[in-house]
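S.K.: My questions will all concern the structure given below.
The values are calculated or read from the model by the stated rules, or taken from the named source; none is laboratory data. Everything numeric in this text was worked out from a predicted model, so none of it was measured. Cβ: placed from backbone, ideal geometry, glycine included. Neighbour counts: every protein chain shown.
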Amino acid sequence: MKTRLAILSLIIFLAVLPAFAGKYLLYVTIHILLLSIFSLGFNLLFGYTGLLSFGQAGFYAVGAYGCAKILLAYPSLLAGIIGGVALAGVASLVLGILCIRHTRIYFSMLTLSFGMMIFSLAWKWRDMTGGDDGLVGIPRAPLEIPGLLRLNMAPMENYYYVVLVFSLLAIYLFHRLVHSPLGLTLQGIRDSETRTACVGISVRNYRLVSFTIAGMYAGLAGALLPPLESTVTPPVAHWSFSAEPVLATLLGGIYTFSGPIVGAFLFYVLKDIIVRFTQYWLICLGAIVLVLVLGFRGGVVSIFQGKGGRG
Amino acid sequence: MKEIIRTEGLGKYFGEMAAVHQVNFTLQEGFFTSIIGPNGAGKTTLINLLSGYLLPDAGKIFFRGTEITRMRPEKRVKIGISRSFQVMNIFPRLTVFENILLPVLSRLNKNARPFSSLNSQKEAVEEAERILNEVWLREERDLPAGQLSHGDQRLLELGIAVAANPQLCFLDEPSSGMNPIERIKVLELVKKLSAERKTTLAIVEHDMDVVFSLSDWIVVMNRGEILAEGKPDDIRNNQEVRDIYLGEEI
Amino acid sequence: MEILAFQGLIGLSVAMYLWLLASGLTIVFGVLGVLNFAHGSLFMLGAYFAYTFYGLWGVNFWLAIPLSLLSVAVVGYVMERFFLRHIYKEDHAYQLLLTFGFILILDDAVKMVWGGVAKIPAMPGFFEGTVSVVGRPFPVYNLFIISAGLFVAVLVWLLFEKTWWGKMVRASASDREMAGAIGINIPTLFTGVFAFGAMLAALGGALGTPVRVVAPGIGAAMIIQAFIITVIGGLGNLKGAFVGALIVGTLSAYGILLFPVFELFLIFLIMTVVLMIKPQGLFGG
């Protein structure tokens, strides 16, 4: 009951935020929401299925570039977002088939490698991606359902609400997913792949399902970026960007539902503080990872739950 | 009595070493069979081959007449072959209840549903509760399985194996690593499962009292081959078998 | 035709320092069971240290190399002794996360210490110049890399096959418990092996310094190469690392010649093909 109240208050808070927050705060909140979606997908793979992927930024990039290309040709926000997610889904399905048949260690190696392959593509394929200049002039296209409605997205508040709705939807779907028989199957795979096979489940197939869904979540987060920033550049595919959902989830709590979301928020708070003192932000990120892995694996959410609990 | 599983010339080799060699045997449906033999005789390898965990280098396996030699383990479960593991293999972070619910959902082909809640799967939930009762773990229902005592984990392991409602179930040393009290409980459960379910059980076991009191049929392995098989009395009086146990009371 | 042979020789020299990189990774995995994501960063550190010693401080090249190796061995020692050691018993995932944390730290740390601009160190005097190979000028230094690489390969093979330390390492790799039971000090051995692997990577980096650019970000680029090599060759297999390095090295060289800009994809393509046909790698088991 308490959790429901907390969640409701949070949603209400987020809903009324534009009334008193300036543009910059809305901008940061959007980024926190994007990282939340990105991290939820990452954690579906890691906390729920036991697969550690260091290449999720690759699918974020596919979503981002995909959406950007669509918007540049056909300025409809929905088309861009859905197109970006779909492309990311296809990419993760294809790469997933290559990656999931292996042991967890090979899997992690391969995800890092393929993620960077996508980065190379983004960086070198000038004709398609604009090379290291990236894609520019991406319109914050109106939210349009032909015949039904047309909402102008120029004001930041409007786009904020679009992102908020997509985020809440994504979180809600995620909740249904992980508390379903499919979610139980994935957790079984995490806990013991041998045992899962010996209760009649094809481990490979479900790993692929998990990988594809995670890729689509990364793609959704990515697709929501271009209308906000109006540009997309190669760094969104880089392995150091893949580190963000990893850290956010570690911070918030790996085996919990809300960990990635809490972690996304903490991530931005930390980054904001650290960046004021030093430009060597990655060293701090790395150091935080070390501290968390060595001493504090439950993440922040576990403090509120007692070990072994689930959000 | 009908044959339920049969092997022909089954072999598995690790380099020069034959873990299992030229094994021809048949299990009869409804017979409680014990597989015994000294350490390293190939008993666990045999179970691994029969359950699909390992693929053989030679020979064939037939389940109710259909060849299943190279069938993947998950498919074998679907056609009715299940097993438990010598080294504990449960789902530690899932609750005891969920440990049983998952194989039940799998059996009902409902484990892939992405959006329905677990509680809404009435049939599966009821069956899982029943099995939980059957293996005496009702009280531990909501504990994470990793927190159970060693003995209870073994009960859970057996529960997972029978939750698939198998026609044939292999139990690999179900009482290994247990203290005497736990052993009694586990073996009581095995007896109960054998009596109450329509599953043909085949167990690898070292406790000779259990073997001779429970079994309808005994298979003796030594150095990867079948040394002898037959009814308990025949085995008890078999000189070769007595020799490999070096005069132990059997 | 001569171009192909020539480029192949270039590829061979690239393969040598790639082999040094991959061998360290695969040895550490084979013995400790740990996949060190930060291994490429150790290669990078080797390059930076070498650049500092002989490029900035004018130390004799032949002294600079061992000094670089020692410096990186120290870094490796710290990594293993104070960090990695604590999580051997834990899930592999935490080991990967920990070493991933180290990539973040090391790749940024070199920016902090040496600045973000790429360095182009000078060629040591006695290696300047070229030799005529199939009628084209082939850098003497590359010949040096090839010979040095092959020499070290033989040394490493001798080390593991013939020496007492090598035997202990192989024993510990195949059965840790047994090795501990017969009195081998496993923790110390592990630290030693890790430092040894770090030194191999550092040697690759240091040898590569005069012919490569020394820049931040090399760490991540090299670990990807190392991963591709070990996927092709089989993780934990030294022979596989050598063959894999040869394949990747020569393919890179031909790729740059025949498909510039997209040569990286040629390598990914080969890795993908190997993965589909033989998932554990050419020599994997």
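S.K.: What helices (runs of 4 or more DSSP H) lie completely within the range A:30-129 and have 2 or more residues being closer than 15 Å to A:Gly219 by Cβ?
M.R.: A:56-73, A:77-99, A:104-124
S.K.: Considering only the range B:1-35, state which residues are within 23 Å of B:Arg236 (Cα to Cα), hydrophobic (A, V, I, L, M, F, W, C) and either in a helix (DSSP H, G or I) or touching a Ser or Thr at 6+ places or on another chain (Cβ under 9 Å) (or both).
M.R.: Hits for the range B:1-35 are B:Val23, B:Phe25, B:Leu27, B:Phe31, B:Phe32.
S.K.: Answer with yes or no whether A:Leu17 is touching a helix residue (DSSP H, G or I) at 6+ places or on another chain (Cβ under 6 Å) and in contact (Cβ under 8 Å) with a residue 40 or more places away in the chain.
M.R.: No; evaluated as a whole, the condition is false for this residue.
S.K.: For B:Arg70, all conditions in the list (1) surrounded by 18 or more Cβ atoms within 10 Å (Cβ to Cβ); (2) assigned to a loop (DSSP other than H, G, I, E, B) hold save one; what is the number of the exception?
M.R.: (1)
S.K.: Next up: When you go through A:Leu250, A:Leu220 one by one, which is the residue that is assigned to a helix (DSSP H, G or I), at pLDDT 95 or above, of a type outside the set (Gly, Ala, Ser) and crowded, with 24+ Cβ neighbours inside 10 Å?
M.R.: Selected residue: A:Leu220, the only one of A:Leu250, A:Leu220 that is assigned to a helix (DSSP H, G or I), at pLDDT 95 or above, of a type outside the set (Gly, Ala, Ser) and crowded, with 24+ Cβ neighbours inside 10 Å.
S.K.: On to the next question. Residues of the range A:233-268 being of a type in the set (S, T, N, Q), within 14 Å of chain C (Cβ to nearest Cβ) and more than 12 Å from the chain's Cα centre (by Cα), which ones?
M.R.: A:Ser240
S.K.: I'd like to check which strands (runs of 3 or more DSSP E) are fully inside the range B:181-250 and have at least 2 residues that are of a type in the set (Val, Ile, Thr).
M.R.: The strands (runs of 3 or more DSSP E) meeting that bar are B:200-204, B:217-222.
S.K.: Considering only the range C:254-263, I want to know if a residue exists there that is aliphatic (A, V, I, L, M), within 14 Å of chain A (Cβ to nearest Cβ) and outside any loop (DSSP other than H, G, I, E, B). Please lay out each step first, then the result.
M.R.: Step one: list which residues in the range C:254-263 are aliphatic (A, V, I, L, M), which gives C:256-258, C:261.
If we keep only those that are within 14 Å of chain A (Cβ to nearest Cβ) too, we end up with C:256, C:261.
Going one step further and asking which of them are outside any loop (DSSP other than H, G, I, E, B), we end up with C:256.
Taking every residue of the range C:254-263 in turn, at least one turns out to be aliphatic (A, V, I, L, M), within 14 Å of chain A (Cβ to nearest Cβ) and outside any loop (DSSP other than H, G, I, E, B).
S.K.: For the condition touching a residue at least 24 places away in the same chain (Cβ under 8 Å) and over 25 Å from B:Glu74 (Cα atoms), what is the one hit in A:Thr212, A:Thr233? Outline the logic, then answer.
M.R.: Details: A:Thr212 fails: over 25 Å from B:Glu74 (Cα atoms).
Result: A:Thr233 is the single residue among A:Thr212, A:Thr233 that is touching a residue at least 24 places away in the same chain (Cβ under 8 Å) and over 25 Å from B:Glu74 (Cα atoms).
S.K.: Among (1) under 26 Å from B:Leu54 (Cβ atoms); (2) surrounded by fewer than 24 Cβ atoms within 10 Å (Cβ to Cβ); (3) modelled with pLDDT of 95 or more; (4) of a type outside the set (A, V, I, L, M), there is one condition B:Phe91 misses while meeting the rest; what is its number?
M.R.: Among (1) under 26 Å from B:Leu54 (Cβ atoms); (2) surrounded by fewer than 24 Cβ atoms within 10 Å (Cβ to Cβ); (3) modelled with pLDDT of 95 or more; (4) of a type outside the set (A, V, I, L, M), the lone unmet condition for B:Phe91 is (2).
S.K.: Let me ask something else. Any residue at all in the range A:50-67 that is more than 14 Å from every other protein chain (Cβ to nearest Cβ) and more than 29 Å from C:Val273 (Cα to Cα)?
M.R.: yes
S.K.: Of the residues that make up the range A:184-196, is at least one surrounded by fewer than 20 Cβ atoms within 10 Å (Cβ to Cβ) and facing chain B (nearest Cβ under 8 Å)?
M.R.: Within the range A:184-196, one or more residues are surrounded by fewer than 20 Cβ atoms within 10 Å (Cβ to Cβ) and facing chain B (nearest Cβ under 8 Å).
S.K.: What are the residue pairs meeting all of these: first residue in the range B:97-115, first residue more than 7 Å from every other protein chain (Cβ to nearest Cβ), second residue outside any helix (DSSP H, G or I) and of a type in the set (D, E, K, R), Cβ atoms under 8 Å, and 6 or more apart or on different chains?
M.R.: As it stands, the answer is B:Phe97/B:Arg141; B:Phe97/B:Asp142, since those pairs meet every condition given.
S.K.: Sticking with this structure for a sec: Contact list please: Cβ distance under 9 Å, first residue in the range B:119-134 and exposed (fewer than 12 other Cβ atoms within 10 Å of the Cβ), second residue assigned to a helix (DSSP H, G or I) and modelled with pLDDT of 90 or more, pairs at least six apart or on different chains.
M.R.: Here the result reads B:Asn119/B:Val125; B:Glu123/B:Val104, each pair linking the range B:119-134 to a residue that is assigned to a helix (DSSP H, G or I) and modelled with pLDDT of 90 or more.
S.K.: Can you tell me which residues in the range A:26-46 are at pLDDT below 95 and touching a Pro at 6+ places or on another chain (Cβ under 9 Å)?
M.R.: Answer for the range A:26-46, where residues must be at pLDDT below 95 and touching a Pro at 6+ places or on another chain (Cβ under 9 Å): just A:Leu26.
S.K.: Select from the range C:88-102 the residues that are more than 7 Å from chain A (Cβ to nearest Cβ) and crowded, with 18+ Cβ neighbours inside 10 Å and write down the one among them that is nearest to the chain's Cα centre (by Cα). Reasoning before the result, please.
M.R.: Going residue by residue through the range C:88-102, those that are more than 7 Å from chain A (Cβ to nearest Cβ) are C:88-91, C:95, C:99.
Of the ones still in play, those that are also crowded, with 18+ Cβ neighbours inside 10 Å are C:95, C:99.
Details: C:Gln95: 19, C:Thr99: 16 Å.
Taking the candidates together, the pick is C:Thr99.
S.K.: Got a number for residues in the range B:132-148 being assigned to a loop (DSSP other than H, G, I, E, B) and away from chain A (no Cβ under 14 Å)?
M.R.: Count: 4.
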